[in-house]
Amino acid sequence: MNDTVKLERPDAASESAGQTPYSAWMQTDLLHALQHPVSDHPGEHAWIASVQVSELYWMLIIKELQTAQMQLRANDLSEACKTLKRVVGHHEPLNATWRSIAWMTPTDLLAILSRVQAKYGKDTALQGWAYRQMVYLLGIKQADHLQHFTPQPQRWTQLNKALYEPSVYDDVLAYLNRNGFPVSAAVLERDFSVPYQSDKSVEKIWRDVYADPNQNLELQQLGETLADIAEGFSMWKYLHLMATRRTFGARPAYFGTEGIAWLKPTMDEIPFPELWSARGFIGDPPAVCPHMTK
Ligand code: HEM
């Protein structure tokens, strides 16, 4: 599972030669050598730093989600909740990165993007594998995104594996199933690579978890933490959509179709679907026999 990042790394001795303990630990020389602007626009550095920081947070979230999966599989719900709470926190600085590039007008953005295209060819952030792996782990599985990684066979293989593996939500459902809330075999044993279909029996499980405010408290906490994660993720997509409106308008984007039109439907891809749909009846008074009203 932890094969996400495999890079050639120097051995520890050569890594710390000519370094202070801080610079060796934080790899500051390497880190600050990673920004290579392609234009003479004074804001490009802010763009690169903002995207690179986002990449770091996506990877951090991937690792946390994978850890939570292991903890759920070991039936350690309280540790899994602690790990997932960290993910909620990571979304805050991740979403704040948008402030760093909020100054951009279309003229600014296009000045930079035209230089990127001239130097590297036609790019799209859909070619970012860390974001896609995070999205797969959150349970939003769409195989067609793999097409962007054929030039990077190692990343294609990694993502293809993630596509077929259970998401965090699948591990949550398996945990519920092992702990008194039976989930149907059709859900538990389905092909994980195809988009998840909402299931009525899972919706009912969430209703039962929340039915009594004084029972299943740890599971309710899990549900609320997952809801926070889904909110943080959706907030990122909303901020991205607004940034696109501000800097790009209704221009055609990577696929030749209008960028905003491509992005808008992704706003409805909210992780953990039954956790949301069950809220349409969680808390409803129990159905009573009409004859009892007398
Ligand atoms: C502010 C200017 C930006 C514009 C105009 C823009 C535009 C777009 C558009 C039109 C798409 C749809 C696919 C395509 O046609 O390429 C897209 C996807 C995406 N962009 Fe951006 N983007 C911007 C900034 C960013 C930044 C700063 C990041 C990363 C920090 C980013 C990450 C992504 C990701 C991850 C996707 C895939 C979304 C998904 O699959 O739901 N974008 N962007």
Quiz item: What's the number of the condition Asp123 fails, among (1) open to solvent by 50 Å² or more (accessible area, probe 1.4 Å); (2) away from the ligand (no atom under 11 Å from the Cβ)?
Solution: (2)
Self-check item: Residues that are open to solvent by 50 Å² or more (accessible area, probe 1.4 Å) and under 18 Å from Tyr131 (Cα atoms), drawn from the range 268-279
Solution: Asp268, Glu269, Ile270
Quiz item: Are there any pairs, at least 6 apart or on different chains, whose C-beta atoms fall under 8 Å, with the first in the range 228-257 and touching a residue at least 24 places away in the same chain (Cβ under 8 Å) and within 20 Å of Leu110 (Cβ to Cβ) and the second among the acidic types (Asp, Glu) and crowded, with 16+ Cβ neighbours inside 10 Å, and if so, which?
Solution: Thr247/Asp108
Quiz item: Does any residue in the range 96-113 that is at pLDDT 95 or above come within less than 6 Å, Cβ to Cβ, of a residue that is in a helix (DSSP H, G or I) and not small (Gly, Ala, Ser) six or more places away or on a different chain, and which pairs are these?
Solution: Thr97/Val53; Trp98/Leu239; Ile101/Trp47; Met104/Thr247; Pro106/Thr247; Leu109/Thr247; Ile112/Glu44
Quiz item: How many residues does the range 243-260 hold that are of a type in the set (A, V, I, L, M), open to solvent by 50 Å² or more (accessible area, probe 1.4 Å) and near the ligand (Cβ under 9 Å from one of its atoms)?
Solution: 0
Self-check item: From Ser50, Ser39, Ser23, residue being open to solvent by less than 70 Å² (accessible area, probe 1.4 Å), at pLDDT 95 or above and away from the ligand (no atom under 15 Å from the Cβ)
Solution: Ser23
Practice problem: Would you be able to tell me the number of residues in the range 76-98 that are touching a helix residue (DSSP H, G or I) at 6+ places or on another chain (Cβ under 9 Å), open to solvent by 40 Å² or more (accessible area, probe 1.4 Å) and under 22 Å from Thr247 (Cβ atoms)? | Solution: 2
Exercise. Have a look at Tyr175, Tyr164 and point out the one that is closer than 22 Å to Thr67 by Cβ and open to solvent by 40 Å² or more (accessible area, probe 1.4 Å).
Key: Tyr164
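The values are calculated or read from the model by the stated rules, or taken from the named source; none is laboratory data. All of these numbers come straight from a predicted model, not from anything done at the bench. Cβ atoms come from the backbone with ideal geometry, glycine included; neighbour counts cover every protein chain shown. When the accessible area is computed, the model is the full protein with side chains, heavy atoms only, and any ligands, DNA or RNA have been set aside. Shrake-Rupley method; radii C 1.70, N 1.55, O 1.52, S 1.80 Å.
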